[in-house]
1. Which members of segment 125-148 meet the condition of being of a type outside the set (S, T, N, Q), surrounded by 13 or more Cβ atoms within 10 Å (Cβ to Cβ) and part of a loop (DSSP other than H, G, I, E, B)?
2. With respect to LYS22, determine if the residue is basic (Lys, Arg) and either in contact (Cβ under 8 Å) with a residue 12 or more places away in the chain or assigned to a helix (DSSP H, G or I) (or both).
3. How many residues are out of contact with any Asp or Glu (no Cβ under 9 Å at 6 or more places or on another chain) and either open to solvent by less than 60 Å² (accessible area, probe 1.4 Å) or on the phi > 0 side of the Ramachandran plot (or both) when one looks only at segment 46-59?
4. For the list (1) in a helix (DSSP H, G or I); (2) open to solvent by less than 30 Å² (accessible area, probe 1.4 Å); (3) in contact with a helix residue (DSSP H, G or I) (Cβ under 8 Å, 6 or more places away or on another chain); (4) over 20 Å from LEU138 (Cα atoms), I need the number of the one condition that TYR71 fails.
5. Within segment 149-162, restricting attention to residues that are open to solvent by 60 Å² or more (accessible area, probe 1.4 Å) and either in contact with a helix residue (DSSP H, G or I) (Cβ under 8 Å, 6 or more places away or on another chain) or β-branched (Val, Ile, Thr) (or both), which residue is farthest from ILE6 (Cα to Cα)?
6. Mind listing whichever residues of segment 25-44 are assigned to a helix (DSSP H, G or I) and open to solvent by less than 50 Å² (accessible area, probe 1.4 Å)?
Amino acid sequence: MKIVLIGIQGSGKSTQGNLLSKKIGVPYLSTGHIFRELAKEHTPLGRYVKETVNSGYLIPDDKTLEIVGQYLARPEYQKGYILDGFPRTKVQAEFFKNGIDYVIHINVSDEEALKRLALRNDEREDETEQALKRRIELFHKFTEPVLEFYREKGILHEVDGERPIEEIHLNICKILKI
Ligand code: AMP
């Protein structure tokens with residue numbers, strides 16, 4: 001089963017992605033995590049990715065498509081995956097031809113997401129207030145058209161992300177008929 005989770009930062013994608021991964025036994029893959037790992041490399045690409053991720057801007061589409069394509073070509077992703085953080089722009093969605101079965105939008109308001117992020121205590125270099133606000137702003141600008149793209153394809157499902165974790169999980173399981 002190939003699943004894409006979409007939501008602003010703080011919407012609970014990684015929590016839900018990991019729960020789901022355990023339940024259905026397909027790997028969870030977060031592009032944010034991939035880029036944060038790449039950012040640790042002392043190479044020109046690593047330095048560029050670090051600057052971009054920490055500022056909250058997006059990695060260019062061609063680079064992102066290339067890197068995600070390389071990951072998903074690995075044997076462990078052939079039976080399926082749960083993708084978090086990609087596709088994030090309409091160009092990425094249009095170029096990504098991978099037979100996605102379900103796209104799930106975990107919907108939380110900007111206010112709720114910012115509130116949750118302020119309460120997090122795992123300090124991360126890329127989570128300055130400015131970067132968080134920029135990611136939310138870029139979500140509305142670049143990722144909302146992605147929701148529209150999948151809505152037109154008939155595979156977009158919306159879930160209310162402002163409820164307890166277990167309820168949201170059950171809601172997602174119902175959508176996936178599992
Ligand atoms: P996330 O943890 O998903 O919020 O991602 C952290 C950062 O990684 C983002 O602010 C971007 O700089 C980069 N990133 C993650 N996924 C993508 C993507 N699909 N396209 C472009 N940049 C991305």
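The values are calculated or read from the model by the stated rules, or taken from the named source; none is laboratory data. The structure presented is a predicted model; accordingly, all values stated were derived computationally and were not measured. When we count neighbours, we look across all protein chains shown, and the Cβ atoms used for this are built from the backbone with ideal geometry, even at glycine. Side chains included, ligands, DNA and RNA excluded: accessible areas come from the protein's heavy atoms. Shrake-Rupley method; radii C 1.70, N 1.55, O 1.52, S 1.80 Å.
1. Across segment 125-148, the qualifying residues are ASP126, GLU127.
2. In short, yes.
3. Residues flagged as out of contact with any Asp or Glu (no Cβ under 9 Å at 6 or more places or on another chain) and either open to solvent by less than 60 Å² (accessible area, probe 1.4 Å) or on the phi > 0 side of the Ramachandran plot (or both) within segment 46-59 amount to 4.
4. The one condition TYR71 does not meet is (2).
5. By that ranking, first place goes to GLU162.
6. THR31, GLY32, ILE34, PHE35, LEU38
Yes/no matrix, rows are residues, columns are (1) more than 25 Å from GLU129 (Cα to Cα); (2) open to solvent by less than 40 Å² (accessible area, probe 1.4 Å); (3) out of contact with any Lys or Arg (no Cβ under 6 Å at 6 or more places or on another chain); (4) more than 11 Å from the ligand (Cβ to nearest atom):
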position: ILE8; (1), (2), (3), (4): no, yes, yes, no
position: SER14; (1), (2), (3), (4): no, no, yes, no
position: PRO87; (1), (2), (3), (4): no, yes, yes, no
position: ILE100; (1), (2), (3), (4): yes, yes, no, yes
position: ASN107; (1), (2), (3), (4): no, no, yes, yes
